[in-house]
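Q: Once you've had a glance at the structure underneath, I'll fire off some questions.
The values are calculated or read from the model by the stated rules, or taken from the named source; none is laboratory data. All figures in this text were calculated on a predicted structure; none of them were measured in a lab. Note: ideal-geometry Cβ built from the backbone for every residue, glycine included; neighbour counts use all protein chains shown. For the accessible areas, the whole protein counts, side chains as well, though only heavy atoms, and no ligand, DNA or RNA atoms are used. Shrake-Rupley method; radii C 1.70, N 1.55, O 1.52, S 1.80 Å.
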Amino acid sequence: MGGLGAVLAITPPQLGSSELNIAGGSVIGSSTGTSTTASASSTSNTTAATTSAKPVATKKATTKATTKATAKADAGATASAAPTAAATTAAAVATAKSGTFTGPAIFVNYGTVQVKITVTNGKITDAVAVQAPSGRNDRWTNMALPILKKQTLAAQSANIQGASGASYTSYGWYTSLQGALAQAGL
Amino acid sequence: MNHLRRQFPVWGTIVDVDCYSQSVGGAELDRVMELVIAFCEDVDRDFSTYKSDSWVSRLRRGAVAIEDCPDDVRQVWDLSLRAKWLSDGAFDPWAVEGGFDPSGLVKGWAADKCADMLVAAGVAHVQVNAAGDLALRGGWFDSSVGEVKPWSIGVVNPDDRNEVVKVYEITDGAIATSGTYERGAHISDPHSGMIAIGAKSATVVGAEGWLCDAMATAVMVAGDDAAKFFGQSELAGYQVFAVNRHEQTAWEI
């Protein structure tokens, strides 16, 4: 990880976070992902009733922590699936297809990124870059893309609206992935 | 209930805004979102250390005094002073090579500003995620059951981002995570100048985004010594979750 850090440190503008963009079951605004300046805007209207939440005048954080069974002692261990993951996946099955879906090719200033996902019964089972930057940034690309793939597969495993903890996700990967997700109906 | 989710590139990363409003929708909601995006671009213009003509870059090379900077820059300067004081210098934007660099605080500060802009415009339920620094307002609207719920925000395992190691349910507040995995080892210890080794990843949850952001960095630097910072009255109600570097363990407040 130290080596990766050293490489990433010299390419700061390409890094960001996008776990939440593809969080399981909550992808309401799908994007065409064809623009490199702004993406994924959508407005939807639901008729369900709502309680209007209190305004935010209070500066006191209202939080409740839920620690998963594995969280404290097992921070580094594998396989702590969120309890609700199964339900999320099941919900996705109803609307999503199976097959492979290739997002648009996105030009970023160090090359072109294009992502292909494989979907089985509404669950992303693989994500690969069919195009990735090459040249002087090879070292970065070679290490970053496997991480981005893991992250793509992971985001559907937790029933959350957002994630804290940054990532290596490049804007190109993210934008192309959004296009692939939209095609898959995810 | 109107719902709008918008992601846009700024500050070398992506900001993700997810919001719900009963009263604001359509073109009006789009218009408010454009104001938020414009604000973020202003922040980049004022604070970027990559732009030689930003106020912060000019401060760094001594071309301008803080007194001559615009309000937002002076405010961030003052908040940086407070964060440095609250962390006994473990968070110190003045100890950065090249001079004053408030990057460890600006994202959290700006996320709060964005969220408050939306709330002021009548958008009751807001999540602003600035690459892992989040501002939350009013919970979110779950249309499947027709009710407002707290935002569930996962803390990613620094060793394996396939995992969420902890979930905070936050209705109003902020959460920020720092880690050496985040953008390489970009956090250094202001006392020693060495890479921060206090924790592998540090998350702080509380009322104000700038303080969460800065204190997450302070925990990265000071490790479990940082626990004492959170005994101060200014940090009452703030929560910490830190993953230790070598053992497979974590500690929290």
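Q: Yes or no: B:VAL36 under 22 Å from B:ASP172 (Cβ atoms), modelled with pLDDT of 95 or more and more than 8 Å from chain A (Cβ to nearest Cβ)? Write out each step before concluding.
A: Numbers: under 22 Å from B:ASP172 (Cβ atoms): yes; modelled with pLDDT of 95 or more: yes; more than 8 Å from chain A (Cβ to nearest Cβ): yes.
Criteria met by B:VAL36.
Q: Criterion first (assigned to a helix (DSSP H, G or I), closer than 30 Å to B:TRP151 by Cβ, in contact (Cβ under 8 Å) with a residue 24 or more places away in the chain and open to solvent by 70 Å² or more (accessible area, probe 1.4 Å)) does B:GLU41 satisfy it? Spell out how you get there, then give the answer.
A: Values: assigned to a helix (DSSP H, G or I): yes; closer than 30 Å to B:TRP151 by Cβ: yes; in contact (Cβ under 8 Å) with a residue 24 or more places away in the chain: yes; open to solvent by 70 Å² or more (accessible area, probe 1.4 Å): yes.
When the stated conditions are applied, B:GLU41 passes them.
Results for (1) among the hydrophobic types (A, V, I, L, M, F, W, C); (2) modelled with pLDDT of 95 or more; (3) buried (at least 24 other Cβ atoms within 10 Å of the Cβ); (4) in contact with a Gly (Cβ under 6 Å, 6 or more places away or on another chain), shown as yes or no for each residue.
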site	(1), (2), (3), (4)
B:HIS3	no, no, no, no
B:ARG6	no, no, no, no
B:VAL17	yes, no, yes, no
B:ASP53	no, no, no, no
B:ALA63	yes, no, no, no
B:ARG74	no, yes, no, no
B:ASP88	no, no, no, no
B:VAL96	yes, no, no, no
B:PHE100	yes, no, no, no
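Q: Quick test of your reading of the structure: B:PHE141 fulfils all but one of (1) surrounded by 24 or more Cβ atoms within 10 Å (Cβ to Cβ); (2) modelled with pLDDT under 95; (3) under 25 Å from B:ASP44 (Cβ atoms); (4) within 10 Å of another protein chain (Cβ to nearest Cβ). Name the failing condition by number.
A: (3)
Q: Considering the range A:87-111 alone, what residues qualify as being at pLDDT below 75, of a type in the set (Ser, Thr, Tyr) and surrounded by 16 or more Cβ atoms within 10 Å (Cβ to Cβ)? Can you show your working first?
A: Quick first cut of the range A:87-111, residues at pLDDT below 75 only: A:87-97, A:106-111.
Imposing the further condition that a residue be of a type in the set (Ser, Thr, Tyr) reduces the set to A:88-89, A:95, A:110.
Within the range A:87-111, A:THR88, A:THR89, A:TYR110 qualify.
Q: Scan B:ASP78, B:ASP116 and give me the residue that is open to solvent by 50 Å² or more (accessible area, probe 1.4 Å) and at the interface with another protein chain (Cβ under 8 Å from one of its Cβ atoms).
A: Values: B:ASP78 fails: at the interface with another protein chain (Cβ under 8 Å from one of its Cβ atoms).
On inspection, the qualifying residue turns out to be B:ASP116.
Q: How many residues are assigned to a strand (DSSP E or B) and either at pLDDT below 65 or open to solvent by 10 Å² or more (accessible area, probe 1.4 Å) (or both) when one looks only at the range B:163-217? I'd like the intermediate steps shown before the answer.
A: Restricting attention to the range B:163-217, the residues satisfying the condition of being assigned to a strand (DSSP E or B) are B:164-179, B:188, B:195, B:201-206.
Within this subset, residues satisfying the condition of being either at pLDDT below 65 or open to solvent by 10 Å² or more (accessible area, probe 1.4 Å) (or both) are B:164, B:167, B:169, B:171-172, B:188, B:195.
Looking only at that region, the number is 7.
Q: Kindly indicate which of B:ALA65, B:ALA111, B:ALA83 is touching a Leu at 6+ places or on another chain (Cβ under 9 Å), more than 10 Å from chain A (Cβ to nearest Cβ) and over 30 Å from B:VAL219 (Cβ atoms). Reasoning before the result, please.
A: Working: B:ALA111 fails: over 30 Å from B:VAL219 (Cβ atoms); B:ALA83 fails: over 30 Å from B:VAL219 (Cβ atoms).
Exactly one of B:ALA65, B:ALA111, B:ALA83 is touching a Leu at 6+ places or on another chain (Cβ under 9 Å), more than 10 Å from chain A (Cβ to nearest Cβ) and over 30 Å from B:VAL219 (Cβ atoms), namely B:ALA65.
This table checks each residue for (1) away from chain A (no Cβ under 13 Å); (2) closer than 21 Å to B:TRP109 by Cβ; (3) not polar (S, T, N, Q).
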site: B:VAL204; (1), (2), (3): no, yes, yes
site: B:TRP210; (1), (2), (3): no, yes, yes
site: B:ALA214; (1), (2), (3): yes, yes, yes
site: B:THR217; (1), (2), (3): no, yes, no
site: B:ALA227; (1), (2), (3): yes, no, yes
site: B:GLN232; (1), (2), (3): yes, yes, no
site: B:ALA236; (1), (2), (3): no, yes, yes
site: B:HIS246; (1), (2), (3): no, no, yes
site: B:TRP251; (1), (2), (3): no, no, yes
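Q: Please specify each residue of the range B:1-29 satisfying the condition of being more than 24 Å from the chain's Cα centre (by Cα) and acidic (Asp, Glu).
A: If the condition is that a residue be more than 24 Å from the chain's Cα centre (by Cα) and acidic (Asp, Glu), then B:GLU28 is the only one that fits.
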